[in-house]
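K.L.:
Please see the structure below; I have some questions.
The values are calculated or read from the model by the stated rules, or taken from the named source; none is laboratory data. Quick caveat: nothing in here was measured; it's all calculated off a predicted structure. Note that we place each Cβ from the backbone using ideal geometry, even for glycine, and neighbour counts take in every protein chain shown.
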Amino acid sequence: MQKLVLVLLVLFGSFSLTSAQNIKSPSDFLGYEIGTQFSRHHQVIDYFKSVANTVPNQVKLETYGKTNERRGLYLAFVSSEANIENLETIRENNLKNVYAERSQSTGLLDGEPSSTDIAIVWLSYNVHGNEASSTEASMLTLYKLLTEQQDLLKNTVVIIDPSVNPDGRDRYVNWYNETKSTAYDIDRQASEHNEPWPGGRPNHYLFDLNRDWVWATQVETQQRLAVYNKWMPHVHVDFHEQGINEPYYFAPAAEPFHEIITDWQRDFQTQIGKNHAKYFDAEGWLFFTRERFDLLYPSYGDTYPTFMGAMGMTYEQGGHGMAGLGILNDEGHVLTLVERLTHHTTTGISTVEMASKNAQKLNSEFGKFFNNSNSNYKSYVVNGNEDKLNRLKVLLNTHNIRFENPTSTKVSGFDYATGQQGSLSVDGSAMVVHSDQPKGKMVKVLFEPNTMLSDSLTYDITAWSLPYAYGLDAIASTSKVSSNKLAKRKSLQTLNDAYGYVSKWNSMEDAKFLAELLKEDFKVRFTEKPFTSKDKKFERGSLIITKGDNKHIEKMLSKLNAIAQDHAQPLTEIYSGFSQNTPDIGSPDIKLVNKQKVAILSGNGTSSLSYGEIWHFFEQQLHYPLTSINTDDFSNTNLDKYNVLILPNGYYGDVLNDDNMTKLKTWVSAGGKVIAIDGALRSFAGKEGFNLNFKPSEDVDNVEKNKNLTAYADRERESSNDLITGAIFNAKVDHTHPMAFGYDDNYFTLKLGSSAYRLLDNGYNVAYLKDTEVYSGFAGKKALQKLDDTLIFGEERMGNGSFIYMVDNPLFRSFWENGKLFLVNAIFFVNNNAYEL
Ligand SMILES: [Zn+2]
């Protein structure tokens, strides 16, 4: 018997040993020394597959989705044999630590042990596609964990995402591989160091996935969060790269920290940083900590995990899309890919080491994080448009945040609309979100009216409060508002034969419904004035689909019914064109919506982020066709094929030369419509034939400016007086203008910069700032001074056409839900020339 055990042990032991020995190194597998070539995404995945096949008892490779360009998204679960066998139990135990009922005093679980002994570490590589050393490092990290660092895996599950953004990575790598010289050129002027527009950083729709964690507008994020929230790791690292002259950056992060970040999270960041420093010091490598990358905006790969209880960290290697395989930097150093990936591998392993050493503490502190009985605001109540509430519910579900219906009809507390104490009457569709729930810290981050700023110098926007972003009324209450489970939605009635059907117009759901009808060749009208029919008042913008207009559509009623059901769009039947209160349905004030042909400029000069936001908006949200025209081709473009031309944020100095400007004006005068967003307005402000003008800063500080005695060391901080880095303002709205149909007379706008334009003397000021006051976020005092009486959205007519100005970008990162209808209105309703091309 003893002999048998011995034989088994030997067999088993030697089997394991052989398996580990059989793992090919990345260099052996790829056929080149790692770091001497960039590996394409499929090669990286092939390496992970091969390792998982070699040691299936230690590596489980799972696909969690696909990108827009159909590349696979993968996670490798790496641990000891015993842990891999128990993977599902480990995951479930960890979730118990998040969701279990807690005793309010200790924050510990009732009647259960406070922790397990397994640390869960999630390593995310290459979220920015052209920061390409990290995916190479993911392969070497996997190899080292399974060969040199087996001990760490005894109490650690390491989850490796080798490429968060494969579309962006391959855009960079394919471009680099086809451009580079052999072996490579270290001269930074060489084309291999200068990526063409739009570069490999963003995903297919040119979104920055490292700004998308909370808003989850992109498929990569949506699919990742589904797994992330099933696992809830204790440590998350996002691997990045910065400029070629920077050394390495790692935790601890810079101020401002969001106030919900716990002392333990701060402290452990420092411990991890010191562990990395030990390895960097031993090699004499340079690094810096505690500067530049802060922890405030919740949509990053470091903040989101942090606000979900983990140690969320960003590591930045010098390199980036410029570096290629090797480049000579300003310090006379040839920075190579080998060096870059070695650093990332070192911090990756060092992170796992620290997690393994502190596994128990990580678990117990992680559990405490989810006790949220001490929040100042106990409940957030939101009320308003049902479509908007539903959109918000989708977002909350993405993060497993719970919500209910309030039981009372009136709630009081901080009123978001006035910025003061007040009360709000709520109806049956209202929603209450309590902060005393496992994800309560994230609730606070997302809902509280004003984020506390320990420092105004931050890397990103300072305001994002959801009620403002979604255009909902809200109250933040310091006492818990009573609530019960959500009522189910009523199903829609089937439509009967009628003279016509009317739809409300105040949400993106209505806009999508219109887009679908137009694509299906329905004739749809919209009203420029409110009217009453069947005792019901229909507001400006309401859509009217009459039987008479749509005789060309076969089985019109059943088709309309199907589209309405599909969009969950309630329609009101009307039985006559004679309205109780005018206009009648045949009135000139009720106009046909033109099936607009929309084009957009892309390429050099345009902001790829802004272009991507609009591209994604048309294809993935509105579902309406959009023709993209490269700015290089603009002088040869026949604009007469389009009704609308969108100019994303950008700099059009080269594109809109004298000839092209004349061409644009001629087209607009003949009935075309230009929608200019953000920086695109600079092309028209102060130019001949335009009413649009910049509003310069006041001259009050001129004396000081001429002899600026601000000390060198204080200049950066001083300059924040001129800054607005994403703050929320309350704009006045002329909702009788078609661009504002569906809005009321206030709109909370997210202002991203301090550029300001005067109100239009000769045009329509659709949304504007009056007595400017910041509702949420940071705005420097000088920047603030010049915002009074400035334009947010406006229309200027030229001949038969229009220039539409959007000073604030309504599609910024696609999360400011309440701005989107302005753009749809601008496309379909403003200066509506109902002619077919
Ligand atoms: Zn990055």
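K.L.:
Any idea which residue in the range 232-252 is farthest from the ligand (Cβ to nearest atom), counting only those that are acidic (Asp, Glu) and crowded, with 21+ Cβ neighbours inside 10 Å? So that I can check it myself, show each step before the final result.
P.N.:
As a first pass, look at the range 232-252 and keep what is acidic (Asp, Glu): 238, 241, 246.
Now restrict to residues that are crowded, with 21+ Cβ neighbours inside 10 Å: 238, 241.
Working: ASP238: 8, GLU241: 6 Å.
Out of the qualifying residues, it is ASP238.
K.L.:
Another one. For the range 460-491, give me each residue that is within 23 Å of the chain's Cα centre (by Cα) and assigned to a loop (DSSP other than H, G, I, E, B).
P.N.:
Matches in the range 460-491: ASP460, ILE461, THR462, ALA463, TRP464, SER465, GLY471, LEU472.
K.L.:
Shifting gears a bit: Looking at the range 399-434, which of its residues are free of Cβ contacts under 8 Å to residues at least 40 places away in the same chain and either touching a Phe, Trp or Tyr at 6+ places or on another chain (Cβ under 6 Å) or closer than 22 Å to SER776 by Cα (or both)?
P.N.:
THR418, GLN420, GLN421
K.L.:
I want to confirm something. Restricting to the range 300-338 and keeping residues that are farther than 24 Å from ALA355 by Cβ and within 15 Å of the ligand (Cβ to nearest atom), which single residue is modelled with the lowest pLDDT? First the steps, then the outcome.
P.N.:
Initial filter on the range 300-338 (farther than 24 Å from ALA355 by Cβ): 318-338.
Checking the rest, the ones that are also within 15 Å of the ligand (Cβ to nearest atom) come to 318-323.
Details: GLY318: 96, GLY319: 96, HIS320: 93, GLY321: 96, MET322: 97, ALA323: 98.
Going through the qualifying residues, I end up with HIS320.
K.L.:
Another question, if that's okay. Tally the residues that are surrounded by fewer than 20 Cβ atoms within 10 Å (Cβ to Cβ) and touching a Phe, Trp or Tyr at 6+ places or on another chain (Cβ under 9 Å), restricting the search to the range 266-279.
P.N.:
Taking the range 266-279 as the starting set, the residues that turn out to be surrounded by fewer than 20 Cβ atoms within 10 Å (Cβ to Cβ) are 266-267, 270-271, 274-275, 277-279.
This time we only want the ones that are touching a Phe, Trp or Tyr at 6+ places or on another chain (Cβ under 9 Å), so: 266, 277, 279.
Qualifying residue count, the range 266-279: 3.
K.L.:
Sticking with this structure for a sec: It is to be established whether one or more residues within the range 141-161 are in contact with a Lys or Arg (Cβ under 6 Å, 6 or more places away or on another chain), surrounded by 23 or more Cβ atoms within 10 Å (Cβ to Cβ) and polar (S, T, N, Q). Walk me through how you get there before you give the answer.
P.N.:
So the first thing to find is which residues in the range 141-161 are in contact with a Lys or Arg (Cβ under 6 Å, 6 or more places away or on another chain), and the list is none.
The answer is no; no qualifying residue exists.
K.L.:
Going by the structure shown, is ASN371 at pLDDT below 95, in a strand (DSSP E or B) and surrounded by fewer than 22 Cβ atoms within 10 Å (Cβ to Cβ)? Break it down stepwise before answering.
P.N.:
Values: at pLDDT below 95: yes; in a strand (DSSP E or B): no; surrounded by fewer than 22 Cβ atoms within 10 Å (Cβ to Cβ): yes.
Spelling it out, it is not the case that ASN371 is at pLDDT below 95, in a strand (DSSP E or B) and surrounded by fewer than 22 Cβ atoms within 10 Å (Cβ to Cβ).
K.L.:
In the set TYR300, TYR304, TYR279, which member is in a helix (DSSP H, G or I) and in contact with a strand residue (DSSP E or B) (Cβ under 8 Å, 6 or more places away or on another chain)? Before the answer, list the steps.
P.N.:
Working: TYR300 fails: in a helix (DSSP H, G or I); TYR279 fails: in contact with a strand residue (DSSP E or B) (Cβ under 8 Å, 6 or more places away or on another chain).
Going through TYR300, TYR304, TYR279 in turn, the sole match is TYR304.
K.L.:
So for the range 253-268 (the condition being within 16 Å of the ligand (Cβ to nearest atom) and either in contact with a strand residue (DSSP E or B) (Cβ under 8 Å, 6 or more places away or on another chain) or free of Cβ contacts under 8 Å to residues at least 40 places away in the same chain (or both)), does at least one residue qualify? Step through it out loud before you land on a result.
P.N.:
First, pick out the residues of the range 253-268 that are within 16 Å of the ligand (Cβ to nearest atom): 253-254.
The next check asks that each one be either in contact with a strand residue (DSSP E or B) (Cβ under 8 Å, 6 or more places away or on another chain) or free of Cβ contacts under 8 Å to residues at least 40 places away in the same chain (or both); those that pass are 253-254.
The answer is yes, given that some residue of the range 253-268 is within 16 Å of the ligand (Cβ to nearest atom) and either in contact with a strand residue (DSSP E or B) (Cβ under 8 Å, 6 or more places away or on another chain) or free of Cβ contacts under 8 Å to residues at least 40 places away in the same chain (or both).
K.L.:
Looking for something away from the ligand (no atom under 16 Å from the Cβ), over 19 Å from GLY72 (Cβ atoms) and either at pLDDT below 95 or under 13 Å from the mean Cα position of the chain (by Cα) (or both) - is there at least one such residue anywhere in the range 199-208? Working first, answer last.
P.N.:
Of the residues in the range 199-208, the ones away from the ligand (no atom under 16 Å from the Cβ) are 204-205.
Pick out the ones that are also over 19 Å from GLY72 (Cβ atoms) and you get none.
Checking the range 199-208: not a single residue is away from the ligand (no atom under 16 Å from the Cβ), over 19 Å from GLY72 (Cβ atoms) and either at pLDDT below 95 or under 13 Å from the mean Cα position of the chain (by Cα) (or both).
K.L.:
Does the range 188-196 contain at least one residue that is within 16 Å of the ligand (Cβ to nearest atom) and either assigned to a loop (DSSP other than H, G, I, E, B) or in contact with a His (Cβ under 9 Å, 6 or more places away or on another chain) (or both)? First the steps, then the outcome.
P.N.:
The initial filter retains those residues of the range 188-196 that are within 16 Å of the ligand (Cβ to nearest atom), namely 195.
Within this subset, residues satisfying the condition of being either assigned to a loop (DSSP other than H, G, I, E, B) or in contact with a His (Cβ under 9 Å, 6 or more places away or on another chain) (or both) are 195.
Yes; the residues of the range 188-196 include at least one that is within 16 Å of the ligand (Cβ to nearest atom) and either assigned to a loop (DSSP other than H, G, I, E, B) or in contact with a His (Cβ under 9 Å, 6 or more places away or on another chain) (or both).
K.L.:
Test of understanding: among SER754, SER776, SER814, which residue is without any contact (Cβ under 8 Å) to a residue 60 or more places away in the chain and under 26 Å from the mean Cα position of the chain (by Cα)? Spell out the reasoning first.
P.N.:
On the way: SER776 fails: without any contact (Cβ under 8 Å) to a residue 60 or more places away in the chain; SER814 fails: without any contact (Cβ under 8 Å) to a residue 60 or more places away in the chain.
Every option except SER754 fails the conditions.
K.L.:
Using beta carbons and a limit of 9 Å, which pairs, at least six apart or on different chains, have the first residue in the range 302-318 and closer than 23 Å to SER133 by Cα and of a type in the set (Phe, Trp, Tyr) and the second one in a helix (DSSP H, G or I) and within 14 Å of the ligand (Cβ to nearest atom)?
P.N.:
Within 9 Å, the pairs are TYR315/SER134; TYR315/HIS344.
K.L.:
Filter the range 45-79 for residues that are in a strand (DSSP E or B) and basic (Lys, Arg); which is farthest from LEU152 (Cα to Cα)?
P.N.:
Restricting attention to the range 45-79, the residues satisfying the condition of being in a strand (DSSP E or B) are 59-66, 72-78.
Still in the list and also basic (Lys, Arg): 60, 66.
Working: LYS60: 17, LYS66: 31 Å.
Checked the range 45-79; the qualifying residue farthest from LEU152 (Cα to Cα) is LYS66.
K.L.:
Only one of these is surrounded by 22 or more Cβ atoms within 10 Å (Cβ to Cβ), in contact (Cβ under 8 Å) with a residue 40 or more places away in the chain and not in a strand (DSSP E or B): ALA767, ALA826. Name it. Quick ask: steps written out before the conclusion?
P.N.:
On the way: ALA767 fails: not in a strand (DSSP E or B).
So the residue among ALA767, ALA826 that is surrounded by 22 or more Cβ atoms within 10 Å (Cβ to Cβ), in contact (Cβ under 8 Å) with a residue 40 or more places away in the chain and not in a strand (DSSP E or B) is ALA826.
K.L.:
Looking only at the range 210-223, count every residue that is away from the ligand (no atom under 16 Å from the Cβ) and either at pLDDT below 95 or assigned to a helix (DSSP H, G or I) (or both) and tell me the total. Spell out how you get there, then give the answer.
P.N.:
Just the residues of the range 210-223 that are away from the ligand (no atom under 16 Å from the Cβ), to begin with: 214-217, 219, 222-223.
Now drop any that are not either at pLDDT below 95 or assigned to a helix (DSSP H, G or I) (or both), which leaves 219, 222-223.
Selection size over the range 210-223: 3.
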